[in-house]
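The values are calculated or read from the model by the stated rules, or taken from the named source; none is laboratory data. Nothing here was measured: the structure is a model prediction, and the numbers come from that model. Don't worry about glycine lacking a Cβ; one is built from the backbone with ideal geometry, like all the others, and counts go over all protein chains shown.
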Amino acid sequence: MSAPEAGPADESSAPLAPLDLRGEPRFAWRGVMLDVARRFRPLPDLLRFVDLLAAHGLNVLQLHLTDDQGWRFEVRAYPRLTEVGGRRSESQLGHGPQSTLDGVPHEGSYTQHELRGLVAYAAARGIRVVPEIDVPGHAQSILAAYPEFGVGGAEAVRARIGEPWTRFGISDEVLNVEDATLAFVCTVFDELCDVFDSDVVGFGGDEAQKRRWHEDPRTQELMAERGLVSEDELQAWFLGRVAGHVAERGRRVIGWDEMLEGADAAGGPGAEGAAVGGPTVPTLPADAVVASWRGPVGAELGARLGHDVVLCPDLWTYFDYRQSDAADEPIPVGTVLSLEDVASFDPVPDGAPEWFAERVVGVQANVWTEQLDTRDRLDYAVFPRLGAFAEVAWNGGPLDWAAFSSRLPAYLAWLAEQGVGFRPLEGPRPDQQRPGVPGVPRERAARIAELERLTASLARVSGA
Ligand code: ACM
C-alpha cells in the first residue's frame, strides 16, 4: 500500500504500518490501555509499544499503573507504595479453579523521572499518556503498603493482606472512606499531575466490591454523617471528591462506567451537589469521561448525562480475550475475539441518535495482562488485532473484511520486520501455545447475560 497522504504522519515522524489510515481520523481519542500493574514492563518495552501505537495512527496510551497485584508509580510522599506494593512473591498461573501459583517473585516500578521521559517520548510521536490510578477498589497493593487505608482498622487489614495479591480476580478489598484516606489519594493524584501533562487522568472506579463497606460500622457511620443512603452513593461520593481535587489541578478524570453507579442518585453529573437525605453530596464533574466497557448501557447513560464517552466494550476490544476457540489457543479466557470480530466493531452504528454520536469521542483497546507475562505474549495478544482496531479508530467501523484482508499480507510482513511476535492467522506456533496452563473460556451469550445483570442499575437510570 502506498504511504498515506495525510494523517498520523502529520503529528509523528514514526513510519506507518501499511494500513488504511488516510484523511481525517473518525475519532479524536484512539487509545490503547496497557495494564502494567499485573505485569510490570521495563521502560524500553513501553517505548517500543509507543512506537508501535504511533505506527498504527493511535494517539492515547492509557497506563494502568496500579491494581491489586502491583503498584508501579513512584510516589515520593508514600515510598512504601512501590517498595512494598510493587512486589509480590508469586503470581497466578492460568485462570479459573484449576489455576496454580508460579512461585516466581514479580516486581518493578517506574520512577517519576522515567515516566517524565516516557511522556516526552510519546508526545514526540503524537501520543498522550493518560495515567490511571485505580481507586477505591483494586487497591490491595495500597493496603499491603499502608493498611491504615483499608476497612476495619490497620491491624485487621494487616492480618488479611501481607502483600499485593498473588491471585487474579476481583478482590473484596477497598479503601476506607476516612478523610485521611481521601487526603492520601489526593496527594497521590497531585504527584501524578506533576509527572503527567495529560489533561485527562484515570481514577479507575471499576469493580469496587461493596461488602466491606456494607458490613463495617465505621463506614456506615461515615455514610450517615455524609447523608449517603447506599454504598453506590458512597462510591459516587468518593469518586466525586477525587474528581473535584483533580479539577483543582486543571485536569479532568476518566473512569470505568461503574463510576456512574450512584452518581445519578447523588444529583447527577454537573450538579454542584445535591441533598440526599441531608448534607451536600459532591458529584462527578460534567467533564468526566466515561470509559464504557460493560456493553452499551454505560455509554448510553454517560452520553445522556452529557459526558464524553470512550467506547471499549469488552466483546470487541479486550485483547486479553482468546482469539479462537481452538484447543491450542494459549490460556483461553473471555469470549472469542478474533481478528474478524475486531474488524466488525461498529462503535457508532448508522442511525445512532445524535445525542449519542456527538458524545462518543473515541475508542480504546484494553490490554489486561494477567496472562501476558512476557513481551512475546503481549505481542501475541495485541497483534494483528491492533491493525483492525486501528482502522476502526481511524475510519469508523465495521471494516470491509475483504478489503482489510487484502491488506493483511503486507501488514503481517511489516509486523515481522518490526520484530513483533504476532499471532499467525492460522493459529499459535508451538512456542506461542501454553499447553497444560488452564483457562476458562466463556461463551458470548453467557457474557452478554452477565453484562446485562451487571449494568441493570445503570439501565434503570438510563431508562433503556
Ligand atoms: C475492567 O475491565 N475492570 C475495567
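Can you tell me how many residues in region 417-433 are outside any loop (DSSP other than H, G, I, E, B) and exposed (fewer than 12 other Cβ atoms within 10 Å of the Cβ)?
Of the residues in region 417-433, 3 are outside any loop (DSSP other than H, G, I, E, B) and exposed (fewer than 12 other Cβ atoms within 10 Å of the Cβ).
One residue is enough: does region 336-347 have a residue meeting the conditions closer than 27 Å to residue 427 by Cβ and within 16 Å of the ligand (Cβ to nearest atom)?
Looking for residues that are closer than 27 Å to residue 427 by Cβ and within 16 Å of the ligand (Cβ to nearest atom), one finds at least one in region 336-347, hence yes.
Does residue 204 satisfy the criteria of being within 18 Å of the chain's Cα centre (by Cα), surrounded by 16 or more Cβ atoms within 10 Å (Cβ to Cβ) and on the phi > 0 side of the Ramachandran plot?
Here the answer is yes, as residue 204 does meet what is asked.
What residue, of 137, 96, 103, is in a loop (DSSP other than H, G, I, E, B), within 23 Å of residue 258 (Cβ to Cβ) and at pLDDT 95 or above?
Just a single option satisfies the conditions, and that option is 137.
Only residues that are closer than 23 Å to residue 262 by Cα and either touching a Pro at 6+ places or on another chain (Cβ under 9 Å) or part of a loop (DSSP other than H, G, I, E, B) (or both): list them for region 434-464, please.
451, 455, 463, 464
So if I check each of 428, 409, which one is free of Cβ contacts under 8 Å to residues at least 24 places away in the same chain and more than 25 Å from the chain's Cα centre (by Cα)?
Only one candidate passes the filter, namely 409.
Which one is surrounded by the most Cβ atoms within 10 Å (Cβ to Cβ), of the residues in region 302-335 that are modelled with pLDDT of 95 or more, more than 14 Å from the ligand (Cβ to nearest atom) and aliphatic (A, V, I, L, M)?
309
Please tell me if residue 145 is surrounded by 15 or more Cβ atoms within 10 Å (Cβ to Cβ), more than 16 Å from the ligand (Cβ to nearest atom) and over 30 Å from residue 55 (Cα atoms).
For residue 145, the condition - surrounded by 15 or more Cβ atoms within 10 Å (Cβ to Cβ), more than 16 Å from the ligand (Cβ to nearest atom) and over 30 Å from residue 55 (Cα atoms) - is met.
Which of the residues that make up region 210-258 are within 16 Å of the ligand (Cβ to nearest atom) and either surrounded by fewer than 16 Cβ atoms within 10 Å (Cβ to Cβ) or without any contact (Cβ under 8 Å) to a residue 60 or more places away in the chain (or both)?
Within region 210-258, 210, 253, 255, 256, 258 meet the criteria.
In region 271-301, what count of residues is obtained for those that are under 17 Å from residue 362 (Cβ atoms) and modelled with pLDDT under 95?
So the answer is 0.
Could you run through region 185-194 and say how many residues are crowded, with 21+ Cβ neighbours inside 10 Å and in contact with a helix residue (DSSP H, G or I) (Cβ under 7 Å, 6 or more places away or on another chain)?
2
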